[in-house]
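Remarks on the structure that follows.
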Amino acid sequence: MKKNYLLSPGPTPVPERILLAMAQPIIHHRTPQFSAVFGAAAEKLKGLFHTKQDVIILSSSGTGAMESAVVNCFNKGEKVISVNGGKFGERWTKIAQAFDLVVDEVKIEWGNAVDPQDIKKRLDADKDIKGILIQATESSTTVKMPIKELAAITKERDVLLVVDGITGVGVFDIPMDDWGVDILICGSQKAMMMPPGLGFIALSDKAWAKADKVKNSKFYFDLKKERKNLKDKTTAYTPAVSLVNGLLEALTMMEEETYPKIFARHELLAKGVRAGTDALGLKMVTKSPTEAMTGVYLPEAVNGKKFVKALRDNFGVTFAGGQDQWEGKIIRIAHLGYFGEFDMVIALSSIEMALHKFGHKVNFGAGVGAAEAVLHEGFEVK
Ligand SMILES: *Cc1c(COP(=O)(O)O)cnc(C)c1O
């Protein structure tokens, strides 16, 4: 028997309550029963997004919501900045190019965050730039981007700040209205504790006004059409009914825990894991880490691809390794969504044992012990 643990930053584990909600028989989507669930979920999404705007629910993975932002809010030939500090930034560039936008790509060295002042200079120098495409967390490098600072720069300009918050929304606070984020995007399989399959997107008044003027062709991802349907608590096409049942349960669970406590839990787990990896001598890959996950370099003598595979196939613990230039060099430990203190103990314990198997000298328990010295703060004994 081998017990499996999913410790990857997406998809993340799904709690039993949500699994059970999704196991209900399928009801027809053009019924008051479904509309009640859909409408309640849509209302709760405003709390997650920290916005008064409608949050559109799309039956697609997160990338579909990214594509919908581009096709609804930018015309062919319009100029945008794409911040490319990793695989997901690169995806923004590819989507924008696929729809014939003119992309000013800002390449960032992997592991670094973008400098808001550099973006400000580019906007000052080129008034044709109409959008900035960026991630809240660049998941491939575990970097948290300075969204608040960028929003302060774009707020007073004729520029839309488009944030892929797929590994940010629900991980840490991104109050889109307060900060002035124009487009915020999320996906179901990260902090929301759900299976993959739903994308979410909210637009500011400025972004909706822009969408009114955009002529780009689109069909499935027509956000104005979806917004109109949302007013009637329905969708333009058949929604993923089971996932919407799960969504309402997920948002109910998040509200029960409360958002401030969710953010604090993610911070504590990050702090605990990092105490553990420090104690094991594993260096972090960035000085600007996200609360969603911890990325560390593996010892040079360890083949990271084989290491992650052995953890998955022999220990039953699934982590994400590195991509592209970091393939085989790093490991990413997730702590967003349905994760608690003891999951971090499993993460560190399995890494200690695997390091030993790969010939690296380990003081068994050193990482786990250092983490426990932090993680116990998560428990209150009255
Ligand atoms: C996981 C992730 C995505 C995923 O997109 P999918 O289409 O759902 O695979 C996009 N952006 C970021 C930053 C992510 O972390």
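Points worth noting:
- Residue list for the stretch 171-197, filter: among the β-branched types (Val, Ile, Thr), within 23 Å of Val71 (Cα to Cα) and within 13 Å of the ligand (Cβ to nearest atom): Ile185
- Options Gly10, Gly47: the member that is within 30 Å of Leu133 (Cα to Cα) and not assigned by TED's automatic domain parsing to the domain that holds Met194: Gly10
- Residue in the stretch 64-76 that is assigned by TED's automatic domain parsing to the domain that holds Ala42, of a type in the set (Val, Ile, Thr) and more than 25 Å from Asp205 (Cα to Cα) present: no
- Contacts under 9 angstrom Cβ, first residue in the stretch 120-133 being over 12 Å from Leu150 (Cβ atoms) and surrounded by 11 or more Cβ atoms within 10 Å (Cβ to Cβ), partner at pLDDT 95 or above and of a type in the set (Phe, Trp, Tyr), 6 or more apart: Lys130/Phe74
- Across the stretch 289-324, the number of residues qualifying as among the hydrophobic types (A, V, I, L, M, F, W, C) and either within 16 Å of the ligand (Cβ to nearest atom) or in the same structural domain as Ile174 (by TED's automatic domain parsing) (or both) comes to 4.
- Odd one out for Trp92, checked against (1) in contact with a helix residue (DSSP H, G or I) (Cβ under 6 Å, 6 or more places away or on another chain); (2) in the same structural domain as Asp128 (by TED's automatic domain parsing): (1)
- Between Val368, Val296, Val285, Val317, the distinction of being β-branched (Val, Ile, Thr) and without any contact (Cβ under 8 Å) to a residue 40 or more places away in the chain belongs to Val296 only.
The values are calculated or read from the model by the stated rules, or taken from the named source; none is laboratory data. Nothing here was measured: the structure is a model prediction, and the numbers come from that model. Note that we place each Cβ from the backbone using ideal geometry, even for glycine, and neighbour counts take in every protein chain shown.
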